[in-house]
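Take a look at the structure below.
The values are calculated or read from the model by the stated rules, or taken from the named source; none is laboratory data. The structure presented is a predicted model; accordingly, all values stated were derived computationally and were not measured. We place every Cβ from the backbone using ideal geometry, glycine too, and count neighbours over all the protein chains shown. SASA here: full protein model, heavy atoms, side chains in, ligands and nucleic acids out. Shrake-Rupley method; radii C 1.70, N 1.55, O 1.52, S 1.80 Å.
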Amino acid sequence: MRLAHDTDLLQGLLNPNRSPRSRPKALSAKAKAEAHRIEALKALSHWGHLRCSELARMLWPRAKYAEQMAARLMRRLEREHAEVASRLNAIGTRSFVLTRRGAAALDLVGISAHHGMELSSVAGATCIHRLIGTAYGIAKAEQGFEAFGEHAIAQGAGPAAREALAKRFLKLPDLLLARGDKVTWVEVEASAKAMRDLQACVRIASAVGQPLLPGSPLTLAGVAFVFDQSQGHAQRIARAARQLWSERSKSEREMLARRITLAHVDVGPLVRWQGFRETPLGL
C-alpha cells in the first residue's frame with residue numbers, strides 16, 4: 001500500500017483550475033491534519049494494526065520527529081474521535097486498530113473498511129510474524145510496489161481472491177507485492193517451520209512465470225522469504241530447496257533458485273525496523 005506524503009497528500013483539495021503561473025496555495029494546518037487523519041485510518045484498514053513507528057514511516061518518511069508526530073495523531077484520533085483504539089501487543093508495545101467509528105469515517109469518504117477490534121494477531125502468537133511482514137511491506141511500498149498483507153488479502157483488497165489463492169497453491173501468502181502485471185509471493189519466517197511446510201513454500205517457485213491464477217492478467221514473478229537476519233532461516237530455506245529439488249538437474253536447480261529472493265531484515269529491540277538487504281537463494 002502506498003500512501004501520499006505531506007505536500008502531495010491533499011492534491012485533490014487543491015484548486016485544479018489555478019493559473020499555470022500562479023504559486024500553489026499553501027495548505028492550512030487544518031487541511032494537513034485532516035489529510036493525515038484519513039491516511040492513518042486508511043493505513044490501519046489496510047494493514048489491520050500498526051504501531052506509531054510504522055505509521056511514521058508511511059506518513060512522514062523524511063521527517064525528523066516522525067514518530068512523535070504519529071503518536072500525537074494517534075492520541076487525537078483515539079481520545080477526540082474514537083476512530084482508533086490502542087491495544088497492548090504481544091511484545092509489550094502499543095498497536096492501534098481501526099474502531100467501528102473509524103471504519104464508518106472511511107465509508108463516508110467512499111472507502112470500504114472493516115474495523116479491527118477483534119484481530120487476534122495483536123496480542124497473539126503471530127504478532128512478531130505480522131510486525132516483520134508489515135515492516136517489509138512498507139519498505140517495498142517505498143520502492144514502488146503495492147504491498148498487500150494478510151489482513152488486506154483477507155478483506156478482499158488484494159490483487160487476487162484469498163479463496164482462489166488457497167485453492168491453487170494450497171496455502172496463502174503472508175504478503176503479495178504487485179507492480180504492473182507482476183506479483184511476488186512473500187513468506188515471512190518468524191519461527192522455524194517444519195521442513196515439509198518450508199518445502200511447500202519453496203515449491204511455489206515452480207509456478208513463477210505462470211499466471212498467478214488461471215485466466216489472470218497477473219504473472220507470478222518470484223518468491224521471497226523474509227526473516228530476521230540474526231536467525232538461521234537462510235540455511236533452513238536452502239536445505240529445504242536442496243531436498244525438494246534433489247532429483248532435478250543442476251541447471252534446473254539453479255534456475256529455480258534464481259526465482260527465490262531472501263530478504264534479510266535488520267530489526268532492533270521490540271522489532272524496530274532498521275533496514276534490509278536482499279540476496280538470491282544460494283544452494
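Points to keep in mind about this one:
- Fraction of accessible area attributable to carbon and sulfur, segment 60-124 (%, probe 1.4 Å): 50 percent
- Cα convex hull of segment 111-193, projected area averaged across orientations, nm²: 6.4 nm²
- Trypsin sites (Lys or Arg not before Pro) within segment 190-264: DSSP coil, no more than 14 neighbouring Cβ in 10 Å: Arg248, Arg258
- Three-way shape call for segment 61-147 based on the alpha-carbon gyration tensor, with the a/c threshold at 1.5: rounded
- Each Lys or Arg adds one and each Asp or Glu takes one away; over the other residues whose Cβ falls under 14 Å from the Cβ of Leu50, this sums to +1.
- Structural descriptor for the chain: relative contact order 13 percent, calculated from alpha carbon pairs under 8 angstrom and at least 6 residues apart.
- Within the shell defined by Cβ-Cβ distances under 9 Å, the residues around Gly149 carry a net charge of -1, with Lys and Arg each +1 and Asp and Glu each -1.
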